[in-house]
Amino acid sequence: MNYHIGLDIGGTKIAAGLILNKKIIKKARVNTNAKAKKTQIINNIFNAIDLVFDSKATGIGIGIAGQIDQKNGILISSPNFSNNFKNVKIEKIINQKFKKPVKIENDANCFALGEAICGAGKGYNPIAGLTLGTGVGGGIIINKKIYHGKFGFAGEIGHMIIEKNGFVCSCGKNGHLEAYTSGTAMTKIYQKITGQNKNSLFVEEKFKQGEKNAVKTFKIMSEALACGISNIINILDPEIIVLGGGLSKVKSLIMPAIKLAKEQSISKKPNKTKIAISILKDDAAVLGAALLFN
């Protein structure tokens, strides 16, 4: 039997799963309390693992947003956590607690790996994954393996520059894709246009009603996403791009972007890159984390 444990550690919740032969057979959810003290966050991670733990598991895989030192198993930093949760030796901490091999990876890489092996990207190669949520993450899978690049930071699709001196990204730099196509971006763009500080659900509802400022917001976001997707196609030439995260379900945002991205592709022939929506949804990163042991 091939048992593993996978974790997707987000800013709000920790999703855990016990995986047998690439299928989740037990799930759990625990609040992250991302702004709590380091010891409390670690205890929450322990609790999530405990809820799905099985002594037969041969490894614990962890996906978490942020910069990861895979070689040494360290979370360098994450946008979801405060400054007291930096340079955390997560692999060592969890290994000492559970006496199992541990691997840590960026959560978007885990999403892409999960979709590549078990989801919408199964049977395709190479694969690009793009998560559109509070932020924008990305991952590149070649021959069923995460492509990290020379220095470990490949796949940071959300931080490609699409507008010089553009909107400020969560990382503090200007013009990144994340600053235009995330849930956070939706509220900021709408606020820039209207002066009103409204959440993304409000803006989506106004768009459905045809309110001009919401329509303008969606247009800006969709055009930016098209730019990002076409850049992925032109640089990587993937067989498939899989979109995930909450905004991937917003068809009025996604469909125009896909159409425009295909038109902007450098290919002289009709571009053959398939663009699909995640079929694993919230399970993708959990599965992908477990599949780090594949």
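The values are calculated or read from the model by the stated rules, or taken from the named source; none is laboratory data. Computed from a prediction, not measured in an experiment: that's the story for all the values here. Cβ: placed from backbone, ideal geometry, glycine included. Neighbour counts: every protein chain shown.
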Which residue pairs have Cβ atoms under 7 Å apart, sit 6 or more places apart or on different chains, and have a first residue in the range 202-215 that is touching a residue at least 40 places away in the same chain (Cβ under 8 Å) and a second that is surrounded by 12 or more Cβ atoms within 10 Å (Cβ to Cβ)?
Glu204/Val250; Phe207/Ala214; Phe207/Val215; Phe207/Phe218; Phe207/Ser252
Within the range 86-95, can one find any residue that is part of a loop (DSSP other than H, G, I, E, B) and touching a residue at least 40 places away in the same chain (Cβ under 8 Å)?
no
Taking the condition of being in a loop (DSSP other than H, G, I, E, B) and surrounded by fewer than 17 Cβ atoms within 10 Å (Cβ to Cβ), how many residues in the range 35-50 meet it?
2
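Output the residues belonging to the range 163-182 that are under 18 Å from the mean Cα position of the chain (by Cα), closer than 15 Å to Glu223 by Cα and surrounded by fewer than 21 Cβ atoms within 10 Å (Cβ to Cβ). Full working, then the answer.
Residues of the range 163-182 under 18 Å from the mean Cα position of the chain (by Cα): 169-171, 176-182.
If we keep only those that are closer than 15 Å to Glu223 by Cα too, we end up with 176-182.
Of everything in the range 163-182, nothing turns out to be under 18 Å from the mean Cα position of the chain (by Cα), closer than 15 Å to Glu223 by Cα and surrounded by fewer than 21 Cβ atoms within 10 Å (Cβ to Cβ).
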Given the structure, is Ala16 surrounded by 19 or more Cβ atoms within 10 Å (Cβ to Cβ), farther than 14 Å from Asp282 by Cβ and of a type in the set (Gly, Ala, Ser)?
no
When residues of the range 139-162 are limited to those that are in contact with a strand residue (DSSP E or B) (Cβ under 8 Å, 6 or more places away or on another chain) and in a loop (DSSP other than H, G, I, E, B), the one surrounded by the most Cβ atoms within 10 Å (Cβ to Cβ):
Gly155
Unmet requirement for Ala120, which otherwise passes all of (1) over 14 Å from Leu287 (Cβ atoms); (2) assigned to a loop (DSSP other than H, G, I, E, B); (3) out of contact with any helix residue (DSSP H, G or I) (no Cβ under 7 Å at 6 or more places or on another chain)
(1)
Subset of the range 251-279 [under 18 Å from the mean Cα position of the chain (by Cα) and modelled with pLDDT under 95]:
none
Can you tell me which residue in the range 183-206 is farthest from the chain's Cα centre (by Cα), limited to those that are polar (S, T, N, Q) and part of a helix (DSSP H, G or I)?
Thr194
Filter result for Lys26 (more than 20 Å from the chain's Cα centre (by Cα), without any contact (Cβ under 8 Å) to a residue 60 or more places away in the chain and in a strand (DSSP E or B)):
yes
What number of residues within the range 107-135 are buried (at least 23 other Cβ atoms within 10 Å of the Cβ) and at pLDDT 95 or above?
19
Give Ser265, Ser252 a once-over and let me know the one that is touching a helix residue (DSSP H, G or I) at 6+ places or on another chain (Cβ under 9 Å) and surrounded by 18 or more Cβ atoms within 10 Å (Cβ to Cβ).
Ser265
Exactly one of Ile193, Ile104 is in contact with an Asp or Glu (Cβ under 8 Å, 6 or more places away or on another chain), at pLDDT 95 or above and either in the same structural domain as Gly61 (by TED's automatic domain parsing) or of a type in the set (A, V, I, L, M) (or both), and that one is Ile104
Every residue from the range 71-99 that is more than 22 Å from Phe153 (Cβ to Cβ) and hydrophobic (A, V, I, L, M, F, W, C)
Ile93, Ile94, Phe98
Does Lys145 fit the bill of being charged (D, E, K, R), at negative phi and in contact with a helix residue (DSSP H, G or I) (Cβ under 9 Å, 6 or more places away or on another chain)?
yes
